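Step one of this worksheet: look at the structure below.
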Amino acid sequence: MDKLNTYRKAIQKIIKHKVYQPSHGQIETLAICDFENDNYMLMDLGWDNTGRVHAVVFHLRIQNDKIWIEWDGLENGITQELLDYGIAKEDIVLGFYRPERRALTEFAIN
């Protein structure tokens, strides 16, 4: 299996595992998988006692043969889960960091 298909399958498994039912409000967790453009998101959508909920839990995308973590709102982070699926550090870009800060990590710069 080629690298891109491995990445896609790992991301889909992570998203499927992360879908949950929030304990408060009328909130739905949505798994959004755009296979054509390789964008993958988990979102909370609905209402709670504070008002409208429209929040990205995490956003991953595959670009230039690497997984870009564009946003990670998980308490324990999604990076370790990607590593647990065998994704190499040099194939993960912490896109939520400024490019100059990425150079200070063990992960890919771009």
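When only residues in region 1-28 that are part of a loop (DSSP other than H, G, I, E, B) and of a type outside the set (Ser, Thr, Tyr) count, which is modelled with the highest pLDDT?
As a first pass, look at region 1-28 and keep what is part of a loop (DSSP other than H, G, I, E, B): 1-2, 19-25.
With the extra rule that they be of a type outside the set (Ser, Thr, Tyr), the set shrinks to 1-2, 19, 21-22, 24-25.
Values: MET1: 58, ASP2: 91, VAL19: 83, GLN21: 70, PRO22: 71, HIS24: 73, GLY25: 74.
So, considering only residues that are part of a loop (DSSP other than H, G, I, E, B) and of a type outside the set (Ser, Thr, Tyr), the one modelled with the highest pLDDT is ASP2.
Working only within region 34-43, note down all residues that are surrounded by 15 or more Cβ atoms within 10 Å (Cβ to Cβ) and not polar (S, T, N, Q). Spell out the reasoning first.
Start the filter on region 34-43 by keeping residues that are surrounded by 15 or more Cβ atoms within 10 Å (Cβ to Cβ), which leaves 38-43.
Once the filter is applied, which keeps residues that are surrounded by 15 or more Cβ atoms within 10 Å (Cβ to Cβ) and not polar (S, T, N, Q), region 34-43 yields ASP38, TYR40, MET41, LEU42, MET43.
Does at least one position in region 51-59 carry a residue that is surrounded by 12 or more Cβ atoms within 10 Å (Cβ to Cβ) and either touching a helix residue (DSSP H, G or I) at 6+ places or on another chain (Cβ under 9 Å) or hydroxyl-bearing (Ser, Thr, Tyr) (or both)?
So far as region 51-59 goes, yes, one or more of its residues are surrounded by 12 or more Cβ atoms within 10 Å (Cβ to Cβ) and either touching a helix residue (DSSP H, G or I) at 6+ places or on another chain (Cβ under 9 Å) or hydroxyl-bearing (Ser, Thr, Tyr) (or both).
The values are calculated or read from the model by the stated rules, or taken from the named source; none is laboratory data. Computed from a prediction, not measured in an experiment: that's the story for all the values here. Virtual Cβ from ideal backbone geometry, glycine too; neighbours counted across all protein chains shown.
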